[in-house]
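In what follows, a structure is listed as structure tokens, so that the remarks can point back to it.
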Amino acid sequence: MAAPSEDARKSARYDDLEVQVGPGGETHQVADAQHPTLTTQQGIPVADDQNSLRAGARGPTLLEDFHFREKMFHFDHERIPERVVHARGYGAHGYFETYKPLTDVTRADLFQRAGEKTPVFVRFSTVAGNKGSSDLARDVRGFAVKFYTKEGNWDLVGNNIPVFFIQDAIKFPDFVHSVKQEPDRDFPQAQSAHDNFWDFVSLSPESMHMIMWVMSDRAIPRSFRTMEGFGVHTFRLVNAEGKSTFVKFHWKPKQGLQSVVWNEAVKINGADPDFHRRDLWDAIEAGNFPEWELGLQLFDQDFADKFDFDLLDATKLIPEEILPVRRVGRLVLDRRVDNFFMETEQVAFCTQNVVPGIDFSDDPLLQGRNFSYLDTQLKRLGGPNFTHIPVNAPKCPFHNFQQDGHMAMRNPKGRVNYEPNSWSAEENPREDPLKGYRSYAEPVSGTKVRIRSETFADHYSQARQFYISQTPIEQAHIANAITFELSKVETPKIRSRVVSHLRNIDEDLAKKVAEGIRLKQMPEPATAMKPTRKDLPASPALSIVLNGPKSFAGRKVGALVTDGVDATILAALAGALKEEGAMLKLVAPEVGGVKDSEGIWHDADEKLEGGPSVLFDAVALLPSKAGAARLVTLPAARDFVADAVAHRKFIACVEAAEPLLEKAGVSSNVDAGFIPLKAPKDCKAFVTACRKVRFWDRVNAER
Ligand code: HEM
């Protein structure tokens, strides 16, 4: 039998595409003017990427097939360890612009000139879940910013919550073990609603302030774009004269604060587990660049001495009403990554990456973090040279004598690799006492002890202050969240112990939770090292609802449409949203789209079953009469409406949608959150109403 020819290919057409097929029917696409030649990693041109080299068309694969070997070897080694915490994240590039020089408080180069733009890379993340977990987990969000300044990289590795669970870094492994999946069963994934977490919490009263925050809507943000960020610890700024000023860092979103409600979060996780990353990607692609202002709370030792709490304790914050936040610049994210792995996955933040003019405090949590990040990245990124990866490399000139190690890409040039030396060489850097980093000369002395300072012992006062600073709906959400989580805890003693701590925070909250989990007997309040201070006033800055957006810009309306949708209303709605800077997404029974009342075709953005109302900030019900008759037969259409009502969204509806409202069991529920669209001009009123984001006054709506 004649040997089969490798050239025996025929032309074939798959609808719009012309290809070649081999004798086995496999598709071949060949290099041409638009498509460069495929090569191996060694640059060798590849003739056939569909078939391995075999002894005969049906024979065994040959060991000499270097192309197959290289391709499979590389694939086999694609994975690297995920981060031990904050594994799931999403990043983007942008810049930071300084408003005014801050020479009075810091010599940090990026703060020296008004209008100076410093490139940044930002990575947002959840903490507990694995890399493939859902975005809307109830969790803290990481908010890590790498500033590529002219005097080196400064990493502000923060969170969207200004306090933390623990006071001393030595508890971090225990805390993280407790919140991640339980070790014997490896579940639950990305959830704190389980025994181990609440067991740890119930035995760690220092976590109570943070618990109030993570059980609040802060832990289920609508978008990375609508959350604040915080450096958490007290840091130091140091000016050219060596004077130190303490600082707390804040990021204030220009988009305003906005969160989802829990029932919505649960459903978003099913409908679109990538909700937050898609949102950031879409916003940047649409030119809708998210912005935050950098805020500083600046204070000196006198303020610290007079303040009610220890500024070295990361479970405490300074209310903005006591110490206003000075806004000093803006962060704009205007460029998505080119490649997720190269940038977002390989970026390595570290609290120890500080530049001249920025320094640490003795916060024992911060001190421990300073050790942890480099250590973990050595393992995660496989060697000490991860600063050679472009996303981690400084963008200013840099020179040192560090060399070799796995994957070294830029050893010093020339003969010199040590100093002092007597060579004059191409690359021969020297230290610079004037420009170089100098640690703040803080006098330090003390007895070597393992002891927690008594100044860290008040665990409840600020937890209470946070709770009383919330609006009633937000307080209800906190009570519901704790009730939900404790209902997943199987051990009754743990549930009861948590309530014993809540009694030290707010009796009414403790009662609501106790009733919610149907506790047989109310526990005594937990022994408190320091009694709860009830005189701390509410801080309105801590509420999300009181700090919502000023406009509907950057938000999305989901319009439920069918064939025959009123063309003038649809056009008016699109126009009003565009004017506001918001987006319109069409949801239709089929993804192919609908024909409007004037016979014009509109492609749909989502098929109804894949585009539930939880994905949108507000909805519009725009079916034709015949369309509504069809929608009432579709469960997904009824859920679309019922969920929008339950989640207290603004709902615009044409008259023809009435049967759908009725079928969803909500027609009797009509309130001022429903905006009838009788004429095109009503669309503007709808968009104006949407600026409030939610119609919180809807009675008994939430499920
Ligand atoms: C003792 C306490 C802490 C320790 C030991 C610790 C340790 C770690 C470790 C090992 C990572 C993974 C880093 C990597 O693989 O690149 C990480 C990530 C992170 N940590 Fe912490 N952490 C602590 C507390 C905190 C606190 C209080 C914050 C917020 C202020 C925070 C914010 C972050 C963020 C945002 C990331 C993700 C960085 C990224 O996006 O790559 N951590 N932390």
For segment 551-690, rounded, prolate or oblate, judged on the Cα gyration tensor with a ≥ b ≥ c (square roots of eigenvalues), a/c < 1.5 rounded, else prolate if a/b > b/c?
-> rounded
With each pseudo-label sitting 7 Å past Cα toward Cβ, what's the residue 493-residue 515 distance in nm, one decimal?
-> 2.9 nm
Tell me, 666, 687 in order of fewest to most beta-carbon neighbours within 10 Å?
-> 666, 687
Prolate/oblate/rounded label for the chain (Cα gyration tensor, a/c 1.5) = oblate
Going by how many other Cβ atoms sit within 10 Å of their own, how do 562, 106 line up, fewest first?
-> 562, 106
Exposure-ranked with fewest Cβ neighbours within 10 Å first, 90, 373, 460 stand as 373, 90, 460
Assuming R0 = 30 Å, can you tell me the calculated FRET efficiency for the pair residue 699 and residue 507, based on Cβ-Cβ distance, to the nearest 0.05?
-> 0.70
Multiply the residue separation of residue 629 and residue 184 by 0.36 nm, subtract the distance between their alpha-carbon atoms, and state the gained length in nm to one decimal.
-> 155.0 nm
Residue 662-residue 18 pseudo-label distance in nm [points 7 Å out on the Cα-to-Cβ vector] = 5.9 nm
Helix-only [θ]222 nm of the chain, DSSP H runs n ≥ 4, -39500 (n - 2.57) each, per residue, nearest 500 = -7500 deg cm²/dmol
Give, as ranges by residue number, the residues of segment 151-193 whose backbone N falls under 15 Å from the point 7 Å along Cα→Cβ of residue 450.
-> 168-174
Using a/c under 1.5 as the rounded threshold, could you call segment 63-200 rounded, prolate or oblate? The axes a ≥ b ≥ c are square roots of the C-alpha gyration tensor eigenvalues, and prolate needs a/b larger than b/c, oblate otherwise.
-> oblate
Could I have the simple spin-label model distance between residue 7 and residue 35, label points 7 Å from Cα toward Cβ, reported in nm to one decimal?
-> 2.0 nm
Name all residues of segment 450-483 having a backbone nitrogen under 20 Å from the label point set 7 Å from the Cα of residue 367 along its Cα→Cβ direction, giving them as ranges.
-> 450-458
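Rule-based calculations on the coordinates, nothing more; no lab input. Bear in mind that the values here come from a model prediction, so they are computed numbers and not experimental data. Note: ideal-geometry Cβ built from the backbone for every residue, glycine included; neighbour counts use all protein chains shown.
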